[in-house]
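The values are calculated or read from the model by the stated rules, or taken from the named source; none is laboratory data. In this text the structure is predicted, and so the values were computed from the model without any measurement. Using ideal geometry, Cβ is built from the backbone for each residue, glycine included, and neighbour counts are taken over all protein chains shown.
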Amino acid sequence: MRIRRRTAGAIAALALLIIFVALSRWFGPTRSAPVLSSARLSVRVVASADSGPGSLREALFVADAAPSAASILIEVDHIALESALPPIVNARGIDIVGPSAGVEIDAQALTANAAVLDVDAENAAVSRVSIRHCPGAAVLVRARRFHLTDSTLGGCDVGVEVAGNASEVALERNHFDTNRLGIRFSGVSRNSEVVKNEFSGNTDAAMWLVASQSSGAADASINVHDNQFNGDRTGVVLGNVPALLEHNDFTAMREAAVHVVGEGAVVRNNRVLSGAAAGFVVENARGVLIEGNDLTHLDGYGVLLRGAADTLLRSNRIHSCAYGIAFVLGEPQKPSTATDNTLIDLKYDGIDVVGDSPVLRRNQVLQARVAPLHVQDFTQPNGQTVHSQPLLDKNSFQTAATAVASQTPAH
């Protein structure tokens with residue numbers, strides 16, 4: 001009898017041990033214990049609190065320590081942060097996915113130098129997340145192959161900050177509203193793309209792509225296409241960061257739709273539908289291509305070139321604006337060119353040339369109410385005069401009442 005009791009006790013103890021091990025393996029991934037298999041780790045966020053079991057903070061610690069790629073699945077609709085989250089450092093990749101209706105992360109308690117999500121490892125992705133009220137950056141990207149989709153970044157100093165060492169960044173189908181800057185690239189970011197996003201009410205600029213000096217890497221353009229800009233102060237500011245802007249819509253810009261300084265920009269096949277000032281401003285820039293764009297209902301110029309060199313305006317359509325195109329104080333040794341542009345129904349002048357000598361070829365100015373072409377010398381503060389000597393070839397200039405064609409080159 002005693003032997004049977006001892007045997008039964010041993011069996012029971014062994015069974016309890018097996019159950020304990022199984023439970024440890026089951027609950028381990030929700031804490032910080034490592035996963036021994038090579039399969040992708042999944043961690044659920046089931047708490048709205050800043051910290052503790054089931055929180056986003058706990059999930060990031062677990063995912064960072066995992067020996068495999070990890071997915072963080074958020075199942076709550078609101079998270080209020082009290083301090084900065086740990087950075088994303090799992091080099092195998094981390095995906096952060098919000099619920100189908102999205103999750104809002106309130107970051108107003110953070111300091112200005114703390115990013116909400118600090119991406120410091122390759123192959124990270126975030127989707128269906130709303131980050132609001134952050135004094136600093138909502139997302140800081142410092143690594144390759146980051147992907148942000150279907151998310152909202154609003155009321156922050158910067159929505160997405162892309163550091164100079166980051167590349168292959170994809171920002172797609174997101175909303176950037178009422179930030180100071182929606183997106184900022186501080187340098188060349190090879191193979192990066194900003195596509196099908198919506199920007200509204202950003203107080204300095206929707207996109208700020210500015211480096212301190214030119215990289216000379218014209219083959220590393222950031223591709224910005226099929227985005228919607230509405231009511232921002234400036235849509236896109238480009239400065240020494242190669243970029244290709246195509247098929248974007250700009251509405252109700254308070255300053256410029258696109259402001260280019262430096263070099264390396266291509267602005268092609270975009271629509272500027274309204275604005276309180278100019279459509280495109282090219283200032284102290286060179287080698288810029290502006291081609292095939294539609295610009296309408298602007299209270300200033302369609303395109304304003306100031307101090308520009310070797311810039312080409314080709315096949316653009318400007319209508320129902322206050323002014324058409326202006327060339328101001330360009331470089332005579334590297335003149336800019338406007339060719340095959342169509343300008344219709346200008347409230348004042350069609351083409352203004354002030355202290356510049358551009359090449360104007362095969363342009364049509366129809367129904368300029370003041371002057372289709374206005375050429376004026378510029379007198380500098382020291383009394384020196386900069387003469388305007390445009391080269392005119394086969395343009396058609398028409399006021400509301402008369403038409404004048406320039407068929408041969410002039411001085």
Requested in this report: All but one of (1) touching a Phe, Trp or Tyr at 6+ places or on another chain (Cβ under 7 Å); (2) at negative phi; (3) of a type in the set (A, V, I, L, M, F, W, C) hold for Leu329, so report the exception by its number.
Outcome: (2)
Query raised in the report: List the pairs whose first member sits in segment 152-175 and is of a type in the set (A, V, I, L, M), whose second member is surrounded by 24 or more Cβ atoms within 10 Å (Cβ to Cβ) and modelled with pLDDT under 95, and whose Cβ atoms are under 6 Å apart, counting only residues at least 6 apart or on separate chains?
Result: Val162/Ser189; Ala166/Ser189; Val169/Ser189
Report task. Restricting attention to segment 181-193, report how many residues are touching a Phe, Trp or Tyr at 6+ places or on another chain (Cβ under 9 Å) and of a type outside the set (Ser, Thr, Tyr). Result -> 5
Query raised in the report: How do the strands (runs of 3 or more DSSP E) wholly within segment 113-221 filter down when requiring 3 or more residues that are β-branched (Val, Ile, Thr) and either closer than 25 Å to His259 by Cβ or touching a helix residue (DSSP H, G or I) at 6+ places or on another chain (Cβ under 7 Å) (or both): which remain?
Result: 158-162
Query - Cross-chain or 6+ apart pairs with Cβ under 6 Å, segment 231-256 first and farther than 13 Å from Asp204 by Cβ and touching a residue at least 40 places away in the same chain (Cβ under 8 Å), then surrounded by fewer than 24 Cβ atoms within 10 Å (Cβ to Cβ) and among the hydroxyl-bearing types (Ser, Thr, Tyr) - result: Pro242/Ser221
Query raised in the report: When only residues in segment 182-191 that are modelled with pLDDT of 95 or more and surrounded by 24 or more Cβ atoms within 10 Å (Cβ to Cβ) count, which is nearest to Asn165 (Cα to Cα)?
Result: Phe185
Report summary line: Selection from segment 251-294 of residues in a strand (DSSP E or B), within 17 Å of Ala326 (Cα to Cα) and of a type in the set (S, T, N, Q) yields Asn284
Report summary line: Taking first residues from segment 372-401 that are within 22 Å of Arg361 (Cβ to Cβ) and at pLDDT below 90 and second residues anywhere that are of a type in the set (Gly, Ala, Ser) and surrounded by 12 or more Cβ atoms within 10 Å (Cβ to Cβ), the pairs with Cβ under 7 Å that are 6 or more apart or on different chains are Thr399/Ala368
Report summary line: Of those in segment 192-203 that are within 18 Å of His225 (Cα to Cα) and not polar (S, T, N, Q), the residue surrounded by the most Cβ atoms within 10 Å (Cβ to Cβ) is Val194
Query - Tally, over segment 315-338, of residues that are closer than 16 Å to Arg361 by Cβ and either surrounded by fewer than 18 Cβ atoms within 10 Å (Cβ to Cβ) or in contact with a Cys (Cβ under 7 Å, 6 or more places away or on another chain) (or both) - result: 2
Query - segment 101-112 residues that are on the phi > 0 side of the Ramachandran plot, paired with ones that are at pLDDT 95 or above and surrounded by 15 or more Cβ atoms within 10 Å (Cβ to Cβ) (beta carbon under 9 Å, 6 or more apart) - result: Gly102/Arg128; Gly102/Val129; Gly102/Ser130; Gly102/Asp150; Gly102/Ser151; Gly102/Thr152
Report task. Could you identify the single residue in Ala220, Ala206, Ala265 that is modelled with pLDDT under 95 and buried (at least 24 other Cβ atoms within 10 Å of the Cβ)? Result -> Ala265
Query raised in the report: Across segment 21-73, what is the number of residues that are over 25 Å from Asp106 (Cβ atoms), modelled with pLDDT of 50 or more, out of contact with any strand residue (DSSP E or B) (no Cβ under 8 Å at 6 or more places or on another chain) and not in a helix (DSSP H, G or I)?
Result: 3
